[in-house]
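Taking it in order: structure first as structure tokens, then the write-up.
The values are calculated or read from the model by the stated rules, or taken from the named source; none is laboratory data. Quantities reported herein were computed from a predicted structural model and do not represent experimental measurements. As a convention, Cβ positions derive from the backbone with ideal geometry for all residues, glycine included, and neighbour counts pool all protein chains shown. Just so you know, the surface numbers come from the protein's heavy atoms only, side chains and all, with ligands and any DNA or RNA stripped out. Shrake-Rupley method; radii C 1.70, N 1.55, O 1.52, S 1.80 Å.
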Amino acid sequence: MDPNQSYNQPPVPCNSSEKSMMLQPVEKPPAYQVNAAGYPPSFPSSSSQGSYPGQSVVAVQPKVCVPAGPLANPVTEYTCYSIFTMLCCCFPLGTAALVYSLSTRSANHSGHRELAQRNSKTARNLNHVSVVLGIIFIVLIFLYEFLWNKHINP
């Protein structure tokens, strides 16, 4: 297109001889060259990218991810213990223990033994602390109600 023409003006019709030249056969392309200029030939025992003599070829295999199934010997979950401590001893620590015991269950089902063991140990420790705090709290309430409260109101 002529740069002197405006976009508002219609294009000038093409010459028919120009169109007929487009349909004329062009000369044949050059023959296929097996070895391109400047590159050594590939050796049959080397990689598909070609290597130079004296170079070692390093083959990297792709990583294969195999989804793990459930563990054959699952780690203890402490779910019932967590529910008991949540309802009867110390609600906040029992809730945290329940969360860890449920994450132990999901790690058992997905086959992650290390994660399951770590979560199970954390749930067990939180449950033990919750029971100890619950017993201390019950003893303090008992002492307050029956010992100190009797002396104040005879």
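Test residue 88 against the stated conditions and say whether it is within 16 Å of residue 137 (Cβ to Cβ) and modelled with pLDDT of 90 or more.
When the stated conditions are applied, residue 88 passes them.
Only residues that are under 25 Å from residue 113 (Cβ atoms), in contact with a helix residue (DSSP H, G or I) (Cβ under 7 Å, 6 or more places away or on another chain) and open to solvent by 30 Å² or more (accessible area, probe 1.4 Å): list them for segment 68-97, please.
Across segment 68-97, the qualifying residues are 68, 70, 71, 74, 76, 77, 78, 81, 83, 96.
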